[in-house]
1. Out of ARG177, ARG206, ARG229, which single residue is more than 19 Å from ARG247 (Cβ to Cβ) and either touching a residue at least 60 places away in the same chain (Cβ under 8 Å) or touching a Pro at 6+ places or on another chain (Cβ under 9 Å) (or both)?
2. Is it the case that some residue within the range 234-244 is closer than 15 Å to PRO11 by Cβ and surrounded by 14 or more Cβ atoms within 10 Å (Cβ to Cβ)?
3. ALA53 fails exactly one of the following numbered conditions: (1) more than 29 Å from GLU84 (Cα to Cα); (2) surrounded by fewer than 17 Cβ atoms within 10 Å (Cβ to Cβ); (3) in contact with a Phe, Trp or Tyr (Cβ under 9 Å, 6 or more places away or on another chain). What is the number of that condition?
4. Can you name the helices (runs of 4 or more DSSP H) wholly within the range 87-169 that have at least 1 residues being over 24 Å from GLU59 (Cα atoms) and small (Gly, Ala, Ser)?
5. Of the numbered conditions (1) touching a Cys at 6+ places or on another chain (Cβ under 8 Å); (2) over 15 Å from ALA103 (Cα atoms), VAL128 satisfies every one except a single condition; which is it?
6. Restricting the search to the range 87-123, which residues are over 21 Å from the mean Cα position of the chain (by Cα) and polar (S, T, N, Q)?
7. Would you please list the contacts, defined by Cβ atoms under 6 Å and residues six or more apart or on different chains, that run from a residue in the range 71-90 that is at positive phi and of a type outside the set (A, V, I, L, M, F, W, C) to a residue that is in a strand (DSSP E or B) and buried (at least 24 other Cβ atoms within 10 Å of the Cβ)?
8. Among the candidates PRO272, PRO278, which residue alone is surrounded by fewer than 19 Cβ atoms within 10 Å (Cβ to Cβ) and in contact with a Pro (Cβ under 9 Å, 6 or more places away or on another chain)?
Amino acid sequence: MAKALTGIFGPVVTTFDDGSGDLAAGAFRANIRAHIAAGLAGVLIAGTTGEAALLDEDERLRLTELARPLVPDDRWLLVGTGSESTRECVRRTKDAAERGADAVLVVPPHYFGAAMTDDALWAHFSRVADESPVPVLLYNIPKFTHLQLGSKLVHALADHPNIAGIKDSTGDMTQLRAYIDAQSDTFTVLTGHAGTLLDAIGYGARGGMLAVALFAAPIVFDLMDAIARGDGVTASEIQARVRPLARDIVAELGPPGIKVAMDLVGLTGGAPRAPLRPLGAAERERVSTLLGAAGLARVA
């Protein structure tokens, strides 16, 4: 790959029209422009934060088409293409590539969890990577899949020429370090857990794909700058400001909370899609308080 898979990436929200519930294309494009202007290394469409499980197939394609012209060639447009069916995952991956995705992020199939042995998962990811026109990233998020991608499996998959890396959202440093042992010139480890970003980078992760960066990009970049300077004291102080945002807004409140945070800093979050419910007044106030405590300017 000509460009490095490093830095801070944003798993973007999917914006919906308040009346119809359809995609709100204008707001989605405005957010993408803002994220790119903020300096993100790339964006992920149809990830967990983007309510991927609640999107239909046409919407996934449309979001990729909307984002592609707005992501410069030196940044990354990634698309989540995971599916319970290997066949469907391959189809989604090819569709995303045809519409301009630079790479895809693939969550493991998990509905038939007991059957998802290392052999089954190796066959799944290998076939997807074999047939994908673009690089594939693995996605470890046991909070939702209820299965962990074992380090032995990840090491084996890291040797595949079209598997470019893994996003690990656990925040488990023992697990992350086991993945980092598989890191190479062709396989990159990214953290999806902003609350442990300082430790993850310290152990060798090459960046993060972080929902916090959607509404708190300046703080995340300040943290990365402090790490790069070797200023451990400042880095620790900034990490302490990031941790409540990651824990209370992203991990606890999920997409509805992330969307409120975006609204409050001047971007567009809007309502989540049912069955997710919008935050109530008390929860919205809690998000506002958390943003203020982190030093983020609130415009609403």
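1. Just one listed residue meets the conditions, ARG206.
2. No, the range 234-244 contains no residue that is closer than 15 Å to PRO11 by Cβ and surrounded by 14 or more Cβ atoms within 10 Å (Cβ to Cβ).
3. (1)
4. 118-131, 151-158
5. Answer for VAL128: the failing condition is (2).
6. THR117
7. Once the first residue is at positive phi and of a type outside the set (A, V, I, L, M, F, W, C) and sits in the range 71-90, no partner that is in a strand (DSSP E or B) and buried (at least 24 other Cβ atoms within 10 Å of the Cβ) comes close enough.
8. The conditions single out PRO278.
All of the numbers you see were taken from the coordinates with simple rules; none came from a lab. The model shown is predicted, which means the values in this text are computed figures rather than measured ones. We place every Cβ from the backbone using ideal geometry, glycine too, and count neighbours over all the protein chains shown.
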